[in-house]
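The structure appears below as structure tokens.
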Amino acid sequence: MSSTVSYWILNSARNSTVILQGGRRLYSRYALNINRSKSKWRLFSPVPVTPKNTAPCGGFAVQKAYRHTSTEEDDFHLQLSPEQVNEVLRAGESAHKILGLASGVPNSVLRFESNQLAANSPVEDRQGVASCMQTNGLMFGIFDGHGGHACAQAVSERLFYYMAVSLMSQQTLEQMEGAVESMKPLLPILQWLQHPGDSIYKDVTSLHHDHLRVYWQELLDLHMEMGLNTEEALKHSFRRLDSDISLEIQAPQEDEMTRNLSLQVAFSGATACMAHVSGVHLHVANTGDCRAILGVQDGSGMWSCLPLTHDHNAWNEAELTRLKKEHPESEERTIIMENRLLGVLMPCRAFGDVQLKWSKELQRSVLERGFDTEALNIYQFTPTHYYTPPYLTAEPEVTYHRLRPQDKFLVLASDGLWDVLNNEDVVKLVVEHLAEAGRHKPDLAQRPTSLGLMQNMLLQRKAKGLHAAGQNAATHLIRHAIGSNEYGEMDPERLTTMLTLPEDLARMYRDDITITVVYFNSDSIETYYKGG
């Protein structure tokens, strides 16, 4: 991609922005000639304001030279070296090997790799990985926020706890309740392997704990000796957390910070995709348009993709049918308009977003309690055809899959990835990366090893750009998601341009991208089938 094309990107972005006056605040609507707008909320995306030295990727410090905020052509230079490109791409990456045993058997999860590249400032995606201390199950989550990051942050911090409690036996729940009553330390609930980030809700942790306790008390009242099964636990956890998010802002709160945070969480939104792995049992719960797929390799060595989720949006016929059944026939033409729920929201399922769940009267009564909605980035907007709420649900769609030795890896990602790469492309790229990163190394013992041979191999890798691939599949996916041209080929100039776009324009060409790649231990899985 030439410099002329790079400037065309910049200029077309600038010329395609329409500024709308909303009270005393400005909102931007992007009129790009693309199939899907990058903004999940229409008219719900206030112009972000962040400190100039804030890093765009998960709290990592990135030099100002990497991202520009000026839209003047004189300040727009493609100055990133390949090393700097790699620094930006790798700033948010992490990897973790799963050690130890689960129930006396080697864990079915071998390792996981993740990364995140921001488009919004601050980034609205979140991710988390944790182990249930009482059940040995592993949980992986991707959370894609919209209308701000508050809801995604809250869900990423709290959902795993609800899930862990849902899976506890009656005896364990009784021990938990007894510890609280006697003011003794609680049993450990989670071991975080990848935390969603520094909590901005430290001041309301006690409130969240109180509501979690109410939840396990209700589970105790059900008198289920073994607790909920995994599918039930996922569904209960999603529904209950969304209900608590809604109730927390309705209940009177004396502390102003608590009230403001609760309002931001409830009036922003988040989609979520969560996987629970226990032995050979894989459950995936999805609400919204994040996605999970399996990479499968058959006995002949051929690779294929197995989708585990369905996107909950206007392109999903089952979602359209569900929405029409839940509302009067008179609303059939207004429930989905311009491929959005009520013409405003892209996903048809999400946490939060109470402006699409509450009645107009309830919204008015809550917002009239003295909140400074403008300072809190709460945009008060009721869709034109808002007649029979709720229109939105956090109810997850749960898929069960029994892992087999041929199931090699699981990819969970926010829709920023799936907007530009399809399922098969993602599997192909992960497999390609495994080969490039040396996980499927050539057998040098079968041919003469010499300095000349090694030099030739290094030159071949350098020519393909593999020296920059690193050891993280999520980084490899992000690199291709934003750097591939229309032919699916890596274009270094395009990659550099996309990483150098000013912060106020980057969101127009890509979304936040958050990815977790989970690798399975085929040998361990095989032992389950052999009764080992």
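Key figures for this structure:
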| item | result |
| --- | --- |
| Amide proton proximity set for A314, modelled H, under 5 Å, gap of 5+ | none |
| Spread of Cα-to-Cα distances over 5 Å intervals beginning at zero, given as percent, for region 131-282 | 2, 9, 19, 22, 20, 16, 9, 3, 0, 0 |
| Accessible area expressed per residue, region 475-517, with surrounding protein chains retained (probe 1.4 Å, Å²) | 29 |
| Heavy atoms of M168 accessible to a 1.4 Å probe, total area in Å² rounded to 10 | 10 |
| Protection-proxy order for peptides 508-514, 185-191, each taking the mean of Cβ atoms within 10 Å per residue, highest first | 508-514, 185-191 |
| Pairwise FRET efficiency - E424 versus M490, Cβ, R0 = 22 Å, nearest 0.05 | 0.80 |
| Debye intensity ratio in log₁₀ form over the Cα atoms of region 314-396, taken at each q of 0.15 Å⁻¹ | -0.57 |
| For G137, residues with placed amide H under 5 Å, excluding near neighbours | C132 |
| Estimated FRET transfer efficiency (S182, H209; beta-carbon r; R0 25 Å; 0.05) | 0.95 |
| Long-range Cα-Cα pairs in region 472-518 (distance over 16 Å), rounded percent | 41 |
| Among 227-234, 339-346, the order from most to least packed when residues are scored by Cβ within 10 Å on average | 339-346, 227-234 |
| ³J(HN,Hα) computed for each position of region 117-126 - Karplus, 6.51 cos²θ - 1.76 cosθ + 1.60, integer Hz, glycine/proline x | 10, 7, 10, 6, 9, x, 4, 9, 7, 9 |
| Accessible area of region 365-437 belonging to carbon and sulfur atoms, whole % at 1.4 Å probe | 46 |
| For region 128-222, accessible area per residue (1.4 Å probe, heavy atoms of protein chains only), Å² | 39 |
| Length released on extending from H96 to S169, taking residue separation times 0.36 nm less the Cα-Cα span | 23.4 nm |
| Surface accessible to a 1.4 Å probe, per residue, for the residues of region 247-400, Å² | 42 |
| Estimated vicinal HN-Hα couplings, Hz - region 160-169 in sequence order (Karplus 6.51, -1.76, 1.60; Gly, Pro = x) | 4, 5, 4, 5, 4, 5, 4, 8, 6, 6 |
| E124 accessible area, assembled protein chains, probe 1.4 Å, Å² | 30 |
| Most to least packed among 312-318, 277-283 [average Cβ atoms within 10 Å] | 277-283, 312-318 |
| GluC sites (Glu not before Pro) restricted to DSSP loop in region 479-508 with at most 11 other C-beta within 10 Å | E486, E489 |
| In order through region 143-149: 3J(HN,Hα) via Karplus (6.51 cos²θ - 1.76 cosθ + 1.60), integer Hz, x for Gly, Pro | 10, 10, x, 8, x, x, 9 |
| At most 13 other Cβ within 10 Å, DSSP loop - GluC sites (Glu not before Pro), region 357-407 | E368 |
| Viscosity 1.002 mPa s, 20 °C: Kirkwood-radius Stokes-Einstein D of region 200-329 over Cα pairs, µm²/s | 118 |
| Within-12-Å neighbourhood charge of T516 [Cβ basis; K, R +1; D, E -1] | 0 |
| Mean projection area, nm², convex hull over Cα of region 210-258 | 4.1 |
| Which listed pairs, of K235/K325; K357/K428; K428/K530; K235/K530, have C-alpha distances above 28 Å, in listed order | K357/K428; K428/K530; K235/K530 |
| For S169, solvent-accessible area (1.4 Å; no DNA, RNA or ligand), Å² | 30 |
| Amide proton proximity set for G147, modelled H, under 5 Å, gap of 5+ | W41 |
| Virtual spin-label span in nm between T373 and E232, 7 Å along Cα→Cβ | 4.1 |
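The values are calculated or read from the model by the stated rules, or taken from the named source; none is laboratory data. These numbers were taken from a predicted model, which means no experiment stands behind them. Reconstructed Cβ throughout: ideal geometry from the backbone, glycine too, with neighbour counts over all protein chains shown. When the accessible area is computed, the model is the full protein with side chains, heavy atoms only, and any ligands, DNA or RNA have been set aside. Shrake-Rupley method; radii C 1.70, N 1.55, O 1.52, S 1.80 Å.
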